[in-house]
Amino acid sequence: RRATTLHRLREMHRAGEKIAMLTCYDATFAGVLDDAGVDCLLVGDSLGMVLQGRETTLPVTVADIAYHVACVARGNRHAWLLADLPHGSYHASPQQALHTACELTRAGAHMVKLEGGATWAVETVRFLVERDIPVCAHLGLTPQSVHALGGWRVQGRQAAQAQALLAQAKALRDAGAAMLVLELVPSALAAEVAQALDIPVIGIGAGAGCGGQVLVLHDMLGLNAGSAPRFVRNFMEGSTSIPEAVQAYVRAVKAGRFPEEGVHTY
Ligand code: KIV
Ligand code: NA
């Protein structure tokens, strides 16, 4: 198996192959996920919640992300490695974003992800991409904005909101974003965005019309069963080991069997 590059991800997308992404925070899991054929590993700021036990992702620092990126990078051999720019580490200026992004690329990240689609975020994406840092954008429910958004709720339900999201997605693509995560948006809107863009759109709670899927590792292993959102499927059900569960996730995503419309979608 060859290493997954940005070029390879674009080829997969053009060929209609779905991209399987999971969050990952340490070297052991990086090896397991890589061996199971996960295309992309995301060191998400969700680590604030699943590893640190916090209520939101807001307290996560650049040092936290950098530490986990370095751990994951040591265990990973083939997967494309994304790192979240945490809250407050890219909002002040494109220069601040570049500084943060370089800290994470030094730790081993191949691509950085940032939340938002306002003008400042589009400008920040352009600034990073012009300097050859691959960027993944993130729209819909953007957890760093949870307080401003008024909670963990589905985004883009009203027509005006949906049109704004589509316009932001196009602006981020035009600015050079090579990938877009869409979180907690109605399937129909996510499919429309995925159709409108030529870059992979990776959904989480966004339906099967996306070019790929991502889940939080702990959620898909059923460790959060009591309070998991409806878009999560516990892949340990029907599996006898963690590697088997991760393989089942990869197979289900590639075959378009996960997420299931009406079960995991809005
Ligand atoms: O932090 C994270 O895990 C994420 C994914 C849920 C997309 O941003
Ligand atoms: Na995140």
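The values are calculated or read from the model by the stated rules, or taken from the named source; none is laboratory data. Keep in mind it's a predicted model, so treat the numbers as computed, not measured. All Cβ positions, even for glycine, are placed from backbone atoms using ideal geometry, and neighbour counts span all protein chains on display. Note: areas computed on protein heavy atoms with side chains; ligands, DNA, RNA excluded. Shrake-Rupley method; radii C 1.70, N 1.55, O 1.52, S 1.80 Å.
Within the stretch 52-80, being more than 16 Å from ligand 1 (Cβ to nearest atom) and farther than 25 Å from ALA20 by Cα holds for one residue alone: ALA63. In the condition set (1) surrounded by fewer than 15 Cβ atoms within 10 Å (Cβ to Cβ); (2) farther than 23 Å from MET49 by Cβ, GLY151 is compliant with all but (2).
In contact with a Pro (Cβ under 8 Å, 6 or more places away or on another chain) and closer than 18 Å to MET21 by Cα - does that describe any residue in the stretch 166-179? So far as the stretch 166-179 goes, yes, one or more of its residues are in contact with a Pro (Cβ under 8 Å, 6 or more places away or on another chain) and closer than 18 Å to MET21 by Cα. Given the criteria touching a strand residue (DSSP E or B) at 6+ places or on another chain (Cβ under 9 Å) and more than 16 Å from VAL214 (Cβ to Cβ), does LEU172 qualify? Yes. Restricting to the stretch 136-161, give me the number of residues that are assigned to a loop (DSSP other than H, G, I, E, B) and within 12 Å of ligand 1 (Cβ to nearest atom). Adding up the residues that qualify gives 3. One residue stands out among those in the stretch 47-65 that are out of contact with any Gly (no Cβ under 9 Å at 6 or more places or on another chain) and open to solvent by less than 20 Å² (accessible area, probe 1.4 Å): the one that is farthest from LEU223 (Cα to Cα), which is GLY48. Does ALA83 satisfy the criteria of being buried (at least 23 other Cβ atoms within 10 Å of the Cβ), under 28 Å from ASP198 (Cα atoms), within 18 Å of the chain's Cα centre (by Cα) and within 14 Å of ligand 1 (Cβ to nearest atom)? Spelling it out, ALA83 is indeed buried (at least 23 other Cβ atoms within 10 Å of the Cβ), under 28 Å from ASP198 (Cα atoms), within 18 Å of the chain's Cα centre (by Cα) and within 14 Å of ligand 1 (Cβ to nearest atom). Could you say whether any residue in the stretch 195-216 is away from ligand 1 (no atom under 12 Å from the Cβ), of a type in the set (S, T, N, Q) and at pLDDT below 95? Looking for residues that are away from ligand 1 (no atom under 12 Å from the Cβ), of a type in the set (S, T, N, Q) and at pLDDT below 95, one finds none in the stretch 195-216, hence no. If the condition is being within 16 Å of ligand 2 (Cβ to nearest atom) and over 19 Å from GLU183 (Cα atoms), then the stretch 18-55 contributes TYR25, LEU51, GLN52, ARG54.
Restricting GLY44, GLY37, GLY16 to those that are open to solvent by 40 Å² or more (accessible area, probe 1.4 Å) and closer than 29 Å to ASP198 by Cα reduces the list to GLY16. Contact map, the stretch 99-116: first residue modelled with pLDDT of 95 or more and within 15 Å of ligand 1 (Cβ to nearest atom), second residue of a type outside the set (A, V, I, L, M, F, W, C) and assigned to a strand (DSSP E or B), Cβ cut-off under 6 Å, separation 6 or more or different chains; pairs are LYS113/ASP84; LYS113/HIS138; GLU115/HIS138.
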